[in-house]
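Trainee: Mind looking over this structure? Questions follow.
Every number in this text was worked out from the coordinates using simple rules, so none of it is lab data. Predicted, not measured: the structure shown is a model, and the values here were computed from it. Positions of Cβ are backbone-derived with ideal geometry, glycine not excepted, and every protein chain shown enters the neighbour counts.
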Amino acid sequence: MSIQSIQTISTQPFSGQKPGTSGLRKSVPTFQQPHYLQNFVQSIFDSLEDYQGQTLVVGGDGRYFNRDATQIILKMAAANGFGRVKVGQHGILSTPATSCVIRKYNALGGIILSASHNPGGSNGDFGIKYNTGNGGPAPEKVTEAMFARSKTITEYKILAAADVDLDTLGELTLGDMVVEVIDSVADYQELMESLFDFDRIRTLLTDGGFRMCMDSLHAVTGPYAYAIFEQRLGAPAGTVQNGVPLEDFGGGHPDPNLVYAHDLVDVLFGENAPDFGAASDGDGDRNMILGHHFFVNPSDSLAILAANAKLVPGYKDGLAGIARSMPTSAAADRVAARLGIACFETPTGWKFFGNLLDAGKATLCGEESFGTGSNHIREKDGLWAVLFWLNILAVRQQSVEAIVQEHWQIYGRNFYSRHDYEGVDSDRAQALVDHVHAQMPTLKGKTFGAYEVDYADDFGYTDPIDGSISKNQGIRIGFTDGSRLVLRLSGTGTQGATLRLYLESYEPNIAKHTLDPQVALGGLIEIAEELAQIKSFTGMDKPTVIT
Ligand code: G1P
Ligand code: ZN
């Protein structure tokens, strides 16, 4: 046996290797079972066509098991006949950077090792996701093929070889395959420089009047944020906090929202607060934007980026269209209407934006779940959103709050909130959904206080580009005044079920724009409880996270 021989290992299928909203996510111990990761990786490869000799991009968010998994994937790619793997140094590439690298180098696709915003560590979560040659998450027909393969798999191929040095930049060989260890930041930074006015942002960050704070939550964007904000754009040392990626994210929950990014919230809502704050998640695709004592709702953020896009070099010629996920507020629709461009409503999950972006129908996309992005890649992009905001702030020379309030004055305010009930017993969560489903046929025309139900349905989507149909994407209850309730179960959790309740109402009256959203949405919150009996089904008297 040569030192690097291809081994064919017998295996048996594992149940439950079904990719969810964003790839296969399970606990680390599940992934550490012998053959578990290997089975899924082989199922990915077996679902691809013509990959012999092709280039694959591999990277992850640096969480526990990232390095081990990277080594396994490299050896399996070599044994299966890939020509080249571009892998991030130390096994690290943010999700947006992976998308960027796949596109820039015309790779066949990429594998991203991440469980996004889920906690990490030896008992935390791990995840694996395949992105196609456009740089975006594999569409459902591809993930379904992988799942089908995982149910019949009998063997996988792996190279018997020593581990690869992932820490030194450069090329080496693994069997007949070239492994190229690439700088995790360089390609991504170059793309950002092509889109934004770095000179102007640099002036904003260095002329003394403006202060920002970036919280990377000990996750993947640390190295990117240091390189871009502190080194390239001249922000003072210390601008980036929690910037060293840790395998367990420092024990935190790397989700940029008001609950989990509390360090940043304390800074921005504290004494002597800076003008601008931002956070990103485990793998760098989410963002939260804060002003001085001010929170920007992600749905509003999408609308504001769209309304101000012409101020930013990469978007100065205007937008082809906007796309938002169904639960995201309709604030962006109002901007699209005024711009005279289309606004598409897609199911939850970034993969549904891919076709619209590829076809040139949409330029900006967003989800209420702290996700915003554009046609520059095929993933949502946390630091891109931060740079977009900085570019707007540098041009407009107003505070974040002033920009948001001015936006509401022009377009009206879409009050919006999401209530999450995490860790609910799966059967009880399903029973709640069934309970609401059963009422749906009789809801139209029914009144609840001042609200009258206009429609009640389960959202279905027909992709306008390829005609593919996705059903049961969330219960929608719309009222005649345009308010909405949406209920759906999360597809990214790994423990029990997470119920998400989305609430939206529209307020044109400027005098009411300063209301607390929980107050403005109070009536809808009561109706949701009446319809869904959330307290009794979940056994919780309040949500675990409110955003
Ligand atoms: C959640 C978000 C969704 C996002 C996904 C991946 O999915 O709601 O918008 O695309 O994470 O970041 P969910 O857990 O709701 O299925
Ligand atoms: Zn993420």
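Trainee: Once Lys and Arg get +1 and Asp and Glu get -1 on their Cβ, which of Ala323, Ala97, His117 lies farthest toward the positive end of the dipole of the chain?
Mentor: Farthest towards the positive end: Ala323.
Trainee: In cubic angstrom, how much convex hull volume per residue do the alpha carbon atoms of the range 440-502 span?
Mentor: Numbers: hull volume 7.6 nm³, N = 63.
For the range 440-502, the hull spanned by Cα atoms encloses 120 Å³ per residue.
Trainee: What residues qualify as long-range amide H neighbours of Glu155, i.e. H under 5 Å apart, gap of 5 or more or another chain, H built at 1.01 Å from N?
Mentor: Thr11
Trainee: ³J(HN,Hα) across the range 515-520 via Karplus (A = 6.51, B = -1.76, C = 1.60, θ = phi - 60°), whole Hz, x for Gly/Pro?
Mentor: Using θ = phi - 60°, the values come out as 4, 5, x, 5, 6, 4 Hz.
Trainee: In terms of modelled amide H atoms, which long-range or inter-chain residues lie less than 5 Å from the amide H of Gly133?
Mentor: Under 5 Å from the amide H of Gly133 lies no amide H from a residue far enough along the sequence or on another chain.
Trainee: Right, something else. I'd like the distance between the alpha-carbon centres of the range 530-547 and the range 1-47, rounded to an integer number of Å.
Mentor: 37
Trainee: Under unit Cβ charges (Lys, Arg +1; Asp, Glu -1), what dipole magnitude, rounded to 20 debye, does the chain have relative to its Cα centre?
Mentor: Working: 43 positive and 64 negative charges, 170 e Å.
Once rounded to the nearest 20, the dipole reads 820 debye.
Trainee: Report the relative contact order of the chain, percent, no decimals, based on alpha-carbon pairs under 8 angstrom and at least 6 residues apart.
Mentor: 13
Trainee: For the range 282-441, report the % of Cα-Cα distances exceeding 19 Å. Intermediate results must be reported in sequence, preceding the final value.
Mentor: Details: 7146 of 12720 pairs.
Value for the range 282-441: 56 percent of Cα pairs lie more than 19 Å apart.
Trainee: Determine ³J(HN,Hα), in whole Hz, for all residues of the range 211-221 in sequence, where each value follows from phi through the Karplus function 6.51 cos²θ - 1.76 cosθ + 1.60 and θ = phi - 60°; x replaces Gly and Pro.
Mentor: With the stated coefficients, the range 211-221 comes to 10, 10, 9, 10, 10, 8, 6, 6, 10, 5, 6 Hz.
Trainee: Counting only DSSP beta bridges with both residues in the chain, tell me the antiparallel percent, nearest 5. Please report the intermediate quantities before stating the final value.
Mentor: Numbers: 66 of 96 bridges.
Given both bridge residues lie in the chain, the antiparallel proportion sits at roughly 70 percent.
Trainee: Using the Karplus curve 6.51 cos²θ - 1.76 cosθ + 1.60 with θ = phi - 60°, work out ³J(HN,Hα) for each residue of the range 291-305 in order, rounded to whole Hz, and write x for Gly and Pro.
Mentor: Along the range 291-305, the couplings run x, 4, 6, 8, 10, 9, 5, x, 5, 5, 4, 4, 5, 6, 4 Hz.
Trainee: Give the span of the range 156-266's Cα atoms along each principal axis, as three whole-Å numbers ordered largest to smallest.
Mentor: 57, 34, 21
Trainee: Quick check: from the Cα gyration tensor, does the range 226-274 come out rounded (a/c under 1.5), prolate or oblate? Mind showing how you got there, number by number?
Mentor: On the way: a/c = 2.59, a/b = 1.15, b/c = 2.25.
Oblate shape, in that a/c is at least 1.5 and b/c is the bigger or equal ratio.
Trainee: Any lysines with Cα under 16 Å of the Lys380 Cα? List them, leaving off those in the same chain fewer than 8 positions away.
Mentor: Within the straight-line cut-off, Lys380 pairs with Lys129, Lys351.
Trainee: Tell me, rounded to the nearest percent, the portion of alpha carbon pairs in the range 312-379 spaced more than 15 Å apart. Please report the intermediate quantities before stating the final value.
Mentor: On the way: 1025 of 2278 pairs.
Summing the P(r) of the range 312-379 above 15 Å gives 45 percent of all pairs.
Trainee: Longer than 27 Å from Cα to Cα, which of Lys26/Lys75; Lys86/Lys471; Lys18/Lys75; Lys104/Lys471 are they? Say none if no pair is. Intermediate values should be presented prior to the final figure.
Mentor: Details: Lys26/Lys75 22 Å; Lys86/Lys471 36 Å; Lys18/Lys75 23 Å; Lys104/Lys471 34 Å.
Pairs exceeding the cut-off: Lys86/Lys471; Lys104/Lys471.
Trainee: Something else now. If you fit an axis through the alpha-carbon atoms of helix 522-532 and take the longest principal axis of the Cα set of the chain, what angle between them do you get, 0 to 90°, nearest 10?
Mentor: Orientation of helix 522-532: about 60 degrees from the principal axis.
Trainee: Treating the angle as unsigned and between 0 and 90°, give the value, to the nearest 10°, between the Cα long axis of helix 426-439 and the longest Cα principal axis of the chain.
Mentor: With rounding to tens, the tilt is 40 degrees.
Trainee: With the crude spin-label approximation of a point 7 Å out along Cα→Cβ, what separation in nm comes out for Glu190 versus Glu401?
Mentor: In this crude spin-label approximation the distance works out to 4.2 nm.
Trainee: So for the chain, taking the charge dipole from beta-carbon charges (+1 Lys/Arg, -1 Asp/Glu), which of Tyr156, Ile469, Thr21 sits furthest toward the positive end?
Mentor: With unit charges placed on the Cβ atoms, the residue in question is Ile469.
Trainee: Based on a Kirkwood Rh over C-alpha pairs, give the Stokes-Einstein translational diffusion coefficient of the chain at 20 °C and viscosity 1.002 mPa s in µm²/s.
Mentor: Values: Rh = 23.9 Å.
Here the translational diffusion coefficient equals 90 µm²/s.
Trainee: I would also like to ask the following. Using only the Cα atoms of the range 366-511, what are the Rg and Dmax in Å?
Mentor: 18.7, 52
Trainee: Let me ask something else about it. At 7 Å along the Cα-to-beta-carbon direction for both Asp183 and Thr447, put a label point, then send me their distance in nm to one decimal.
Mentor: Computed distance between label sites Asp183 and Thr447 equals 6.6 nm.
Trainee: Under 5 Å between amide H atoms, partner at least 5 residues away or on a different chain: which partners does Thr492 have, H built in plane at 1.01 Å?
Mentor: Residues meeting the criterion, in which the H sits 1.01 Å from N, are Thr21.
Trainee: Name the shape class, rounded, prolate or oblate, that the alpha-carbon gyration tensor gives for the range 117-220, where a ≥ b ≥ c are the square roots of its eigenvalues, rounded holds for a/c under 1.5, and otherwise prolate holds if a/b is larger than b/c and oblate otherwise. Write out the running numbers ahead of the final one.
Mentor: Details: a/c = 2.16, a/b = 1.77, b/c = 1.22.
Judged from the Cα gyration tensor, the range 117-220 comes out prolate (a/c at least 1.5, a/b above b/c).
Trainee: Take the alpha carbon atoms of the range 279-326, find their center, do the same for the range 330-347, and report the distance between the two centers in whole angstrom.
Mentor: 14
Trainee: Also, quick follow-up: Helix 400-411 versus the longest principal axis of the chain: what angle, 0 to 90°, nearest 10, using Cα atoms?
Mentor: 60
Trainee: In addition: Would you please classify the overall shape of the range 466-547 from the alpha carbon gyration tensor, given that a ≥ b ≥ c denote the square roots of the eigenvalues, rounded means a/c under 1.5, and beyond that prolate means a/b larger than b/c while oblate covers the rest?
Mentor: Values: a/c = 1.99, a/b = 1.27, b/c = 1.57.
Oblate, because a/c is 1.5 or more while a/b does not exceed b/c.
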